[in-house]
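The values are calculated or read from the model by the stated rules, or taken from the named source; none is laboratory data. Predicted model, so just to flag it, every value in this text is computed and none were measured. Neighbour counts are summed over all protein chains in view; Cβ atoms, including those assigned to glycine, are modelled from backbone coordinates with ideal geometry.
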């Protein structure tokens, strides 16, 4: 998830005229932000993973391959038998390649 996506939202300004409820600033996409990935569980959080560029399925799967085994080892005695994954519907998360990867690893993404 890019921090620019979190903070680069339309700005609303309210005026005394008829346009007072319209956003006054358009959404502008700049690709100079910092991209990070992390996980949070009821038992703790992971180190932050920094990556360059946009997140595609291959990079996302690489991150999961590298960092989820550590999470499983760290929390194996404290976790239930099933592991659920909450993620947004970003292209890298929703792609067929990622869904197949999660299915093979018996990870269950939460639908929302």
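For this structure, a couple of remarks:
- Taking the criterion of being in a loop (DSSP other than H, G, I, E, B) and closer than 17 Å to residue 95 by Cβ, the residues of region 35-63 that qualify are 53, 54, 55, 56.
- Taken together, the criteria place residue 25 among residues that are at pLDDT below 85, surrounded by 10 or more Cβ atoms within 10 Å (Cβ to Cβ) and touching a strand residue (DSSP E or B) at 6+ places or on another chain (Cβ under 6 Å).
- When residues of region 69-94 are limited to those that are modelled with pLDDT under 85 and assigned to a helix (DSSP H, G or I), the one nearest to the chain's Cα centre (by Cα): 71
- Residues that are surrounded by 13 or more Cβ atoms within 10 Å (Cβ to Cβ), modelled with pLDDT of 90 or more and either out of contact with any strand residue (DSSP E or B) (no Cβ under 8 Å at 6 or more places or on another chain) or assigned to a loop (DSSP other than H, G, I, E, B) (or both), drawn from region 100-109: 101
- Only one of the numbered conditions (1) modelled with pLDDT of 80 or more; (2) within 22 Å of residue 102 (Cβ to Cβ) is not met by residue 50, and that is (2).
- Taking the criterion of being under 12 Å from the mean Cα position of the chain (by Cα) and without any contact (Cβ under 8 Å) to a residue 12 or more places away in the chain, the residues of region 37-65 that qualify are 38, 40.
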